[in-house]
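The values are calculated or read from the model by the stated rules, or taken from the named source; none is laboratory data. The shown structure was predicted, so the numbers you read here are calculated from the model rather than taken from an experiment. Every residue, glycine among them, receives a Cβ derived from its backbone with ideal geometry; neighbour counts consider all protein chains shown.
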Amino acid sequence: MTDQLPQFSLPPSGSMQAGPGMAQCSITQKWFPEDELVAFQGQLVSAEGKHILLDRLRTGVDAPDALVRPGAGARFWCIFLDMLLLGAFSMICRIAVGMHVWEPRRYNRLQHQALGVVVMTVGLCSYVLYFGLLHGWKGKTFGKMAGHLKVINLGGTPISKSKAFARAAVFQFGPILLLIAAFLGVLTGHKSLFNLGIFVSWVWLLLDGLVALADTRMQRSLHDRICGTRVIRENT
(Lines give C-alpha, C1' and ligand atoms only; values in the text may rest on other atoms or scores of the structure.)
Protein backbone atom coordinates (compact mmCIF):
# COMPACT_ATOMS: atom_id res chain seq x y z
CA MET A 1 0.00 0.00 0.00
CA THR A 2 1.56 3.22 -1.08
CA ASP A 3 1.40 6.34 1.03
CA GLN A 4 -0.43 9.21 -0.60
CA LEU A 5 0.82 12.69 0.10
CA PRO A 6 -1.83 15.26 1.05
CA GLN A 7 -2.72 17.60 -1.77
CA PHE A 8 -2.50 21.36 -1.23
CA SER A 9 -3.86 24.04 -3.53
CA LEU A 10 -3.51 27.80 -3.49
CA PRO A 11 -6.66 29.86 -3.16
CA PRO A 12 -7.73 31.49 -6.41
CA SER A 13 -6.37 34.94 -7.15
CA GLY A 14 -8.59 37.61 -5.71
CA SER A 15 -9.48 35.62 -2.58
CA MET A 16 -6.06 36.22 -1.01
CA GLN A 17 -5.44 38.76 1.71
CA ALA A 18 -2.86 41.52 2.04
CA GLY A 19 0.68 40.30 2.51
CA PRO A 20 4.20 40.44 1.09
CA GLY A 21 4.16 40.59 -2.69
CA MET A 22 0.44 41.33 -2.76
CA ALA A 23 -1.37 44.43 -4.06
CA GLN A 24 -4.99 45.52 -4.25
CA CYS A 25 -6.87 46.06 -7.49
CA SER A 26 -8.15 49.64 -7.60
CA ILE A 27 -11.35 48.56 -9.36
CA THR A 28 -12.45 45.34 -7.61
CA GLN A 29 -10.66 46.02 -4.28
CA LYS A 30 -9.44 42.39 -4.29
CA TRP A 31 -5.88 41.34 -3.49
CA PHE A 32 -3.63 39.75 -6.12
CA PRO A 33 0.05 38.91 -6.55
CA GLU A 34 1.76 42.06 -7.79
CA ASP A 35 2.84 40.42 -11.06
CA GLU A 36 -0.83 39.83 -11.96
CA LEU A 37 -1.67 43.55 -11.86
CA VAL A 38 -1.00 46.21 -14.47
CA ALA A 39 -0.63 49.95 -13.94
CA PHE A 40 -3.22 52.16 -15.59
CA GLN A 41 -3.47 55.96 -14.98
CA GLY A 42 -1.56 55.59 -11.72
CA GLN A 43 -3.80 52.69 -10.52
CA LEU A 44 -3.17 48.94 -10.25
CA VAL A 45 -5.76 46.92 -12.18
CA SER A 46 -6.36 43.15 -12.35
CA ALA A 47 -7.60 41.21 -15.37
CA GLU A 48 -11.12 41.23 -13.91
CA GLY A 49 -10.88 44.92 -13.10
CA LYS A 50 -9.62 45.70 -16.59
CA HIS A 51 -12.85 44.47 -18.17
CA ILE A 52 -14.90 46.52 -15.71
CA LEU A 53 -12.75 49.56 -16.37
CA LEU A 54 -13.08 49.24 -20.15
CA ASP A 55 -16.86 48.99 -19.84
CA ARG A 56 -16.90 52.15 -17.74
CA LEU A 57 -14.69 54.01 -20.18
CA ARG A 58 -16.93 52.97 -23.09
CA THR A 59 -19.99 54.30 -21.26
CA GLY A 60 -18.22 57.48 -20.15
CA VAL A 61 -18.09 56.58 -16.47
CA ASP A 62 -14.89 57.43 -14.59
CA ALA A 63 -13.13 54.70 -12.65
CA PRO A 64 -12.78 55.13 -8.89
CA ASP A 65 -9.77 57.36 -8.13
CA ALA A 66 -8.99 57.68 -11.85
CA LEU A 67 -6.70 60.57 -12.72
CA VAL A 68 -9.11 62.65 -14.77
CA ARG A 69 -7.95 65.93 -16.25
CA PRO A 70 -10.17 68.94 -15.56
CA GLY A 71 -11.93 70.89 -18.23
CA ALA A 72 -10.26 74.11 -19.36
CA GLY A 73 -13.24 76.13 -18.12
CA ALA A 74 -13.15 74.54 -14.66
CA ARG A 75 -9.46 75.26 -14.26
CA PHE A 76 -9.91 78.85 -15.43
CA TRP A 77 -12.69 79.57 -12.94
CA CYS A 78 -10.72 78.02 -10.09
CA ILE A 79 -7.71 80.25 -10.73
CA PHE A 80 -10.07 83.21 -11.23
CA LEU A 81 -11.53 82.65 -7.75
CA ASP A 82 -8.03 82.43 -6.30
CA MET A 83 -7.07 85.69 -7.99
CA LEU A 84 -10.16 87.40 -6.57
CA LEU A 85 -9.24 86.28 -3.05
CA LEU A 86 -5.62 87.35 -3.44
CA GLY A 87 -6.64 90.64 -5.05
CA ALA A 88 -8.93 91.42 -2.13
CA PHE A 89 -6.16 90.55 0.34
CA SER A 90 -3.71 92.77 -1.54
CA MET A 91 -6.18 95.67 -1.47
CA ILE A 92 -6.72 95.26 2.29
CA CYS A 93 -2.95 95.27 2.85
CA ARG A 94 -2.57 98.47 0.84
CA ILE A 95 -5.23 100.21 2.90
CA ALA A 96 -3.96 98.79 6.21
CA VAL A 97 -0.41 100.08 5.75
CA GLY A 98 -1.58 103.37 4.25
CA MET A 99 -0.21 102.77 0.80
CA HIS A 100 0.22 106.18 -0.78
CA VAL A 101 0.69 104.89 -4.28
CA TRP A 102 -2.75 106.39 -4.85
CA GLU A 103 -1.28 109.79 -3.87
CA PRO A 104 1.92 110.09 -5.90
CA ARG A 105 2.13 113.87 -5.40
CA ARG A 106 3.22 113.34 -1.81
CA TYR A 107 6.44 111.68 -3.03
CA ASN A 108 9.03 112.38 -5.64
CA ARG A 109 9.31 110.06 -8.62
CA LEU A 110 12.01 107.84 -7.11
CA GLN A 111 10.17 107.44 -3.79
CA HIS A 112 6.97 106.60 -5.59
CA GLN A 113 8.68 103.92 -7.69
CA ALA A 114 10.44 102.47 -4.64
CA LEU A 115 7.14 102.26 -2.78
CA GLY A 116 5.67 100.45 -5.78
CA VAL A 117 8.46 97.86 -5.60
CA VAL A 118 7.66 97.29 -1.91
CA VAL A 119 3.99 96.75 -2.75
CA MET A 120 4.90 94.29 -5.51
CA THR A 121 7.20 92.37 -3.16
CA VAL A 122 4.50 92.01 -0.50
CA GLY A 123 1.98 90.92 -3.12
CA LEU A 124 4.32 88.37 -4.68
CA CYS A 125 5.19 86.87 -1.29
CA SER A 126 1.49 86.52 -0.45
CA TYR A 127 0.86 84.70 -3.75
CA VAL A 128 3.71 82.22 -3.19
CA LEU A 129 2.63 81.63 0.42
CA TYR A 130 -1.01 81.14 -0.58
CA PHE A 131 -0.35 78.57 -3.30
CA GLY A 132 2.58 76.94 -1.49
CA LEU A 133 0.85 76.47 1.86
CA LEU A 134 -2.50 75.26 0.53
CA HIS A 135 -1.10 72.97 -2.17
CA GLY A 136 1.38 71.54 0.33
CA TRP A 137 -1.37 71.00 2.92
CA LYS A 138 -4.34 69.79 0.89
CA GLY A 139 -3.13 69.78 -2.70
CA LYS A 140 -5.69 72.46 -3.50
CA THR A 141 -6.40 76.14 -2.97
CA PHE A 142 -9.79 77.57 -2.04
CA GLY A 143 -10.49 78.01 -5.74
CA LYS A 144 -9.66 74.37 -6.46
CA MET A 145 -11.76 73.27 -3.48
CA ALA A 146 -14.74 75.02 -5.06
CA GLY A 147 -14.05 73.36 -8.42
CA HIS A 148 -13.11 69.93 -6.98
CA LEU A 149 -9.61 70.05 -8.47
CA LYS A 150 -6.34 68.90 -6.93
CA VAL A 151 -2.60 69.12 -7.65
CA ILE A 152 -0.72 65.80 -7.51
CA ASN A 153 2.51 64.20 -8.68
CA LEU A 154 2.44 62.43 -12.05
CA GLY A 155 2.19 59.06 -10.33
CA GLY A 156 -0.94 60.11 -8.42
CA THR A 157 0.71 60.74 -5.05
CA PRO A 158 0.27 63.99 -3.06
CA ILE A 159 2.90 66.64 -3.65
CA SER A 160 5.33 67.52 -0.85
CA LYS A 161 5.42 70.91 0.85
CA SER A 162 8.76 71.73 -0.76
CA LYS A 163 7.42 70.90 -4.21
CA ALA A 164 4.29 72.95 -3.51
CA PHE A 165 6.39 76.03 -2.79
CA ALA A 166 8.65 75.36 -5.78
CA ARG A 167 5.57 75.06 -8.01
CA ALA A 168 4.15 78.30 -6.59
CA ALA A 169 7.43 80.10 -7.32
CA VAL A 170 7.58 78.77 -10.90
CA PHE A 171 3.92 79.70 -11.40
CA GLN A 172 4.84 83.26 -10.36
CA PHE A 173 7.98 83.31 -12.52
CA GLY A 174 6.55 86.08 -14.70
CA PRO A 175 5.73 88.40 -11.77
CA ILE A 176 9.14 87.60 -10.27
CA LEU A 177 10.79 88.84 -13.47
CA LEU A 178 8.60 91.93 -13.32
CA LEU A 179 9.68 92.61 -9.73
CA ILE A 180 13.36 92.25 -10.68
CA ALA A 181 12.89 94.61 -13.64
CA ALA A 182 11.07 97.14 -11.44
CA PHE A 183 13.83 96.99 -8.82
CA LEU A 184 16.53 97.51 -11.45
CA GLY A 185 14.46 100.34 -12.91
CA VAL A 186 14.44 102.12 -9.54
CA LEU A 187 18.20 101.68 -9.14
CA THR A 188 19.08 102.85 -12.65
CA GLY A 189 16.24 105.29 -13.21
CA HIS A 190 15.20 103.59 -16.46
CA LYS A 191 11.42 103.24 -16.65
CA SER A 192 11.84 101.15 -19.80
CA LEU A 193 13.04 98.25 -17.63
CA PHE A 194 9.68 98.19 -15.86
CA ASN A 195 7.84 98.16 -19.20
CA LEU A 196 10.08 95.31 -20.36
CA GLY A 197 9.27 93.41 -17.17
CA ILE A 198 5.54 93.82 -17.80
CA PHE A 199 5.93 92.47 -21.33
CA VAL A 200 8.00 89.44 -20.25
CA SER A 201 5.58 88.72 -17.39
CA TRP A 202 2.57 88.64 -19.72
CA VAL A 203 4.44 86.48 -22.25
CA TRP A 204 5.19 83.96 -19.50
CA LEU A 205 1.60 83.84 -18.25
CA LEU A 206 0.27 83.48 -21.80
CA LEU A 207 2.75 80.72 -22.65
CA ASP A 208 1.93 78.92 -19.41
CA GLY A 209 -1.78 78.86 -20.26
CA LEU A 210 -1.29 77.92 -23.93
CA VAL A 211 0.86 74.93 -23.00
CA ALA A 212 -1.95 73.65 -20.75
CA LEU A 213 -4.57 74.11 -23.48
CA ALA A 214 -2.36 72.32 -26.01
CA ASP A 215 -2.04 69.28 -23.73
CA THR A 216 -5.32 67.53 -24.49
CA ARG A 217 -4.32 64.39 -22.55
CA MET A 218 -3.39 65.75 -19.11
CA GLN A 219 -3.69 69.55 -19.50
CA ARG A 220 -0.33 70.18 -17.86
CA SER A 221 0.74 73.80 -17.83
CA LEU A 222 4.33 74.93 -18.23
CA HIS A 223 4.87 75.17 -14.47
CA ASP A 224 3.36 71.66 -14.09
CA ARG A 225 5.87 70.28 -16.59
CA ILE A 226 8.80 71.97 -14.86
CA CYS A 227 7.77 70.67 -11.43
CA GLY A 228 6.53 67.21 -12.46
CA THR A 229 2.94 67.78 -11.35
CA ARG A 230 -0.54 67.78 -12.83
CA VAL A 231 -4.04 68.93 -11.90
CA ILE A 232 -6.86 66.38 -11.72
CA ARG A 233 -10.60 66.49 -11.20
CA GLU A 234 -11.63 64.70 -8.01
CA ASN A 235 -14.49 62.21 -8.14
CA THR A 236 -17.41 63.57 -6.13
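Overview of values
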quantity	calculated
From the options Gly174, Gly139, residue that is touching a Leu at 6+ places or on another chain (Cβ under 7 Å) and not acidic (Asp, Glu)	Gly174
Test: Leu178 is modelled with pLDDT of 80 or more and over 18 Å from Ser221 (Cα atoms)	yes
Test result for Asn153, of a type in the set (S, T, N, Q) and without any contact (Cβ under 8 Å) to a residue 60 or more places away in the chain	no
Val45 at pLDDT 70 or above, crowded, with 16+ Cβ neighbours inside 10 Å and assigned by TED's automatic domain parsing to the domain that holds Cys25	yes
Residue selected from region 187-225 under the condition crowded, with 18+ Cβ neighbours inside 10 Å, part of a helix (DSSP H, G or I) and out of contact with any Gly (no Cβ under 8 Å at 6 or more places or on another chain), by the criterion modelled with the lowest pLDDT	Ala212
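Here's the yes/no breakdown for (1) in contact with a Lys or Arg (Cβ under 6 Å, 6 or more places away or on another chain); (2) assigned to a helix (DSSP H, G or I); (3) surrounded by 15 or more Cβ atoms within 10 Å (Cβ to Cβ):
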| residue | (1), (2), (3) |
| --- | --- |
| His135 | no, yes, yes |
| Ala146 | no, yes, no |
| Gly155 | no, no, no |
| Ala164 | no, yes, yes |
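One line per residue, one yes/no per condition, for (1) of a type outside the set (Phe, Trp, Tyr); (2) closer than 22 Å to Leu187 by Cα; (3) at pLDDT below 80:
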residue	(1), (2), (3)
Ile95	yes, no, yes
Asn108	yes, yes, yes
Ala114	yes, yes, yes
Met120	yes, yes, no
Phe131	no, no, no
